[in-house]
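Enquirer: Supplied in structure tokens, the structure appears directly below.
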Amino acid sequence: MVDVILGLQWGDEGKGKIVDYFAPQYDVIARFQGGPNAGHTLYVNGEKVVLHQIPSGIFHQHTVNLIGSGVVLDPVTLKRECDRVAQFGIDVRKNLFISERTNLILPTHRALDKASELSKGESKIGSTLKGIGPAYMDKTGRNAIRVGDILDKSFTTQYIKLRLKHQKLLDNFHFIEDISAWEEEFFEALEFLRTLNIVNGEYFINEQIAKGKKVLAEGAQGTMLDIDFGTFPFVTSSNTISAGVCTGLGVAPQKIKEVLGVTKAYCTRVGSGPFPTELFDATGEELRKIGNEFGATTGRPRRCGWIDLVALKYTCMVNGVTQVVMTKADVLDAFSELQACTEYLVNGQPSAYVPYQMSRVTIEPRYQKFAGWHTATDAIKNPEALPTAMHEYIKFINQFVQAPVKYVSNGPGREQIVHL
Ligand code: GDP
Ligand code: IMO
Ligand code: MG
């Protein structure tokens, strides 16, 4: 049996914290897509940790953590992260497993990401520059090198061949940068990777399922960044939706039970691209300040706005969300009035749908207003103690998106969550 936790907006919904909270109820936590573009923040013994490659169950000693086939892996980031978790007494050789089909991010993928973004100028995607796009292009282009290959004697030949190909592409971009230092740390990190548990991911996970173990699939990014269903081309390069669990882990659809979708009580986006409810005023600034909305991976300020229920209904639909987790509700404590977008005016015409090409039309959001609760909620543990105005806000969301908000997260700490 597999449950899923994934993002319903443009990423950074608080997935890491939520996975960490639920991890004790599961035997296996598995990342199924994305790579070091993800930044999942957890608090361990009050200390902040940001995970990019390792699943967010790593701090629970009994939990098995799997980096699945659908992930793209930068060995350098992985090594750095393993050193970080070791500071908490975690031995990754005991509870971290990596699928041999996981695709590698090479130093030249990072260079290509940078070169591609530079060439786009104003219309850049706002990529995290971690090499995600180029690495997935080599996967679908059938050129990639995978984790299992590093154990094979053909590895060096494969590397040289792909590097040469990348060099030609970089030359086309007129990209001149010395990446020898990147390559040096890459090869060092490969030595380390060879010492970790490299497994056949699909047998590994299906055997766990057959034994009756509970698996939690951890999504990265968010549904509006999905390569197929997001705000293309301003998206990432993987399937961030629940269907990505099947292709990313090698599990069958009927094995998936609960799909927990995580949304902020408002909305943020980092990087370029359409964001209908973005606020450019003092309210947007306040959300950023109170919510501490700065990227966990790149430190960039996140764009902020009110919750977009047109988009949220769409993302609940494409994922088959069975339960919604609403995070950062405490951030709204300061506001006397809230708004939620319930309709778009697309080129002046009212619409309840997310348009196919959001960046080619004008979208004016129409809002429903709500009374704020204007009281501190971050210490609340019981649903009855949550303010009536918050219950009203949630009730409206439940009805609108046709999926129930079952959990409200009211602070970054592991214990700051209310089960409705
Ligand atoms: P992820 O990528 O979805 O895991 O989210 P990030 O870690 O990138 O960003 C979420 C940020 O919000 C982190 O700094 C978390 O510590 C913080 N956070 C998560 N849940 C809550 C919450 O309920 N309230 C507040 N105030 N902060 C939260
Ligand atoms: P988590 O898992 C927020 C955004 C980037 C950029 C676009 C493409 O922490 O929620 P990429 O590096 O994938 O080529 O960038 O996607 N992006 C994210 N935004 N959270 C993330 O991950 C993101 N991963 C990528 O900012 O707009
Ligand atoms: Mg993040």
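Enquirer: Out of HIS52, HIS109, report the one residue that is at pLDDT 95 or above and within 16 Å of ligand 3 (Cβ to nearest atom). Lay out the reasoning, then the answer.
Expert: On the way: HIS109 fails: within 16 Å of ligand 3 (Cβ to nearest atom).
Among HIS52, HIS109, only HIS52 is at pLDDT 95 or above and within 16 Å of ligand 3 (Cβ to nearest atom).
Enquirer: Which condition number does GLN9 fail, the rest of (1) out of contact with any strand residue (DSSP E or B) (no Cβ under 9 Å at 6 or more places or on another chain); (2) polar (S, T, N, Q); (3) within 15 Å of ligand 1 (Cβ to nearest atom) being met?
Expert: Condition (1) is where GLN9 drops out.
Enquirer: Any idea which of ILE209, ILE198 is part of a strand (DSSP E or B) and either crowded, with 18+ Cβ neighbours inside 10 Å or touching a Lys or Arg at 6+ places or on another chain (Cβ under 8 Å) (or both)? Can you show your working first?
Expert: Numbers: ILE209 fails: part of a strand (DSSP E or B).
Of ILE209, ILE198, the one residue that is part of a strand (DSSP E or B) and either crowded, with 18+ Cβ neighbours inside 10 Å or touching a Lys or Arg at 6+ places or on another chain (Cβ under 8 Å) (or both) is ILE198.
Enquirer: Could you list, in sequence order, the residues of the stretch 292-320 that are out of contact with any Pro (no Cβ under 9 Å at 6 or more places or on another chain) and hydrophobic (A, V, I, L, M, F, W, C)?
Expert: ALA296, CYS304, ILE307, LEU309, LEU312, CYS316, MET317, VAL318
Enquirer: Tell me the residue from ASP74, ASP27, ASP12 that is of a type in the set (Asp, Glu) and within 13 Å of ligand 3 (Cβ to nearest atom), please.
Expert: Values: ASP74 fails: within 13 Å of ligand 3 (Cβ to nearest atom); ASP27 fails: within 13 Å of ligand 3 (Cβ to nearest atom).
Every option except ASP12 fails the conditions.
Enquirer: Is it fair to say VAL408 is within 16 Å of ligand 2 (Cβ to nearest atom), among the aliphatic types (A, V, I, L, M) and either buried (at least 22 other Cβ atoms within 10 Å of the Cβ) or closer than 26 Å to PHE22 by Cα (or both)?
Expert: Numbers: within 16 Å of ligand 2 (Cβ to nearest atom): no; among the aliphatic types (A, V, I, L, M): yes; either buried (at least 22 other Cβ atoms within 10 Å of the Cβ) or closer than 26 Å to PHE22 by Cα (or both): yes.
So VAL408 does not fit the description; no.
Residues checked against (1) touching a strand residue (DSSP E or B) at 6+ places or on another chain (Cβ under 6 Å); (2) in a loop (DSSP other than H, G, I, E, B); (3) loosely packed, with under 14 Cβ neighbours inside 10 Å:
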{"residue": "ALA115", "(1), (2), (3)": "no, no, no"}
{"residue": "ALA135", "(1), (2), (3)": "yes, no, no"}
{"residue": "ARG142", "(1), (2), (3)": "no, yes, yes"}
{"residue": "THR156", "(1), (2), (3)": "no, no, yes"}
{"residue": "LYS161", "(1), (2), (3)": "no, no, yes"}
{"residue": "ALA181", "(1), (2), (3)": "no, no, yes"}
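Enquirer: VAL251: part of a loop (DSSP other than H, G, I, E, B) and either touching a strand residue (DSSP E or B) at 6+ places or on another chain (Cβ under 9 Å) or crowded, with 22+ Cβ neighbours inside 10 Å (or both), yes or no?
Expert: Numbers: part of a loop (DSSP other than H, G, I, E, B): yes; either touching a strand residue (DSSP E or B) at 6+ places or on another chain (Cβ under 9 Å) or crowded, with 22+ Cβ neighbours inside 10 Å (or both): yes.
Against the criterion (part of a loop (DSSP other than H, G, I, E, B) and either touching a strand residue (DSSP E or B) at 6+ places or on another chain (Cβ under 9 Å) or crowded, with 22+ Cβ neighbours inside 10 Å (or both)), VAL251 qualifies.
Enquirer: Somewhere in the stretch 38-45, is a residue away from ligand 1 (no atom under 13 Å from the Cβ) and of a type in the set (Gly, Ala, Ser)?
Expert: Restricting attention to the stretch 38-45, the residues satisfying the condition of being away from ligand 1 (no atom under 13 Å from the Cβ) are 45.
Remaining after also requiring of a type in the set (Gly, Ala, Ser): none.
Looking through the stretch 38-45, none of the residues is away from ligand 1 (no atom under 13 Å from the Cβ) and of a type in the set (Gly, Ala, Ser).
Enquirer: Would you tally the residues in the stretch 306-335 being more than 19 Å from the chain's Cα centre (by Cα) and within 16 Å of ligand 2 (Cβ to nearest atom)?
Expert: 0
Enquirer: Here is a list of conditions, (1) more than 30 Å from ASN197 (Cβ to Cβ); (2) out of contact with any Asp or Glu (no Cβ under 6 Å at 6 or more places or on another chain), and LYS124 meets all of them except one; can you say which number that is?
Expert: Against the list (1) more than 30 Å from ASN197 (Cβ to Cβ); (2) out of contact with any Asp or Glu (no Cβ under 6 Å at 6 or more places or on another chain), LYS124 comes up short only on (2).
Enquirer: Something else now. Go through GLN323, GLN339 for me and flag whichever is more than 19 Å from VAL310 (Cβ to Cβ), in contact (Cβ under 8 Å) with a residue 24 or more places away in the chain and either surrounded by 12 or more Cβ atoms within 10 Å (Cβ to Cβ) or among the hydrophobic types (A, V, I, L, M, F, W, C) (or both). Steps first, please.
Expert: Details: GLN339 fails: more than 19 Å from VAL310 (Cβ to Cβ).
The unique qualifying residue is GLN323.
Enquirer: Hey, can you tell me all the residues within the stretch 374-397 that are surrounded by fewer than 15 Cβ atoms within 10 Å (Cβ to Cβ) and in contact (Cβ under 8 Å) with a residue 40 or more places away in the chain? Reasoning before the result, please.
Expert: Pass one, the stretch 374-397, residues surrounded by fewer than 15 Cβ atoms within 10 Å (Cβ to Cβ): 374-376, 378-379, 381-385, 388, 392, 395.
Hits for the stretch 374-397 are HIS374, THR375, ALA376, ASP378.
Enquirer: In the stretch 267-300, which residue that is touching a residue at least 12 places away in the same chain (Cβ under 8 Å), within 16 Å of ligand 1 (Cβ to nearest atom) and over 17 Å from the mean Cα position of the chain (by Cα) is surrounded by the fewest Cβ atoms within 10 Å (Cβ to Cβ)?
Expert: GLU286
The values are calculated or read from the model by the stated rules, or taken from the named source; none is laboratory data. These figures come from a predicted structure and were not determined experimentally. Heads up, the Cβs are rebuilt from the backbone with ideal geometry, glycines too, and the neighbour counts pull from every protein chain shown.
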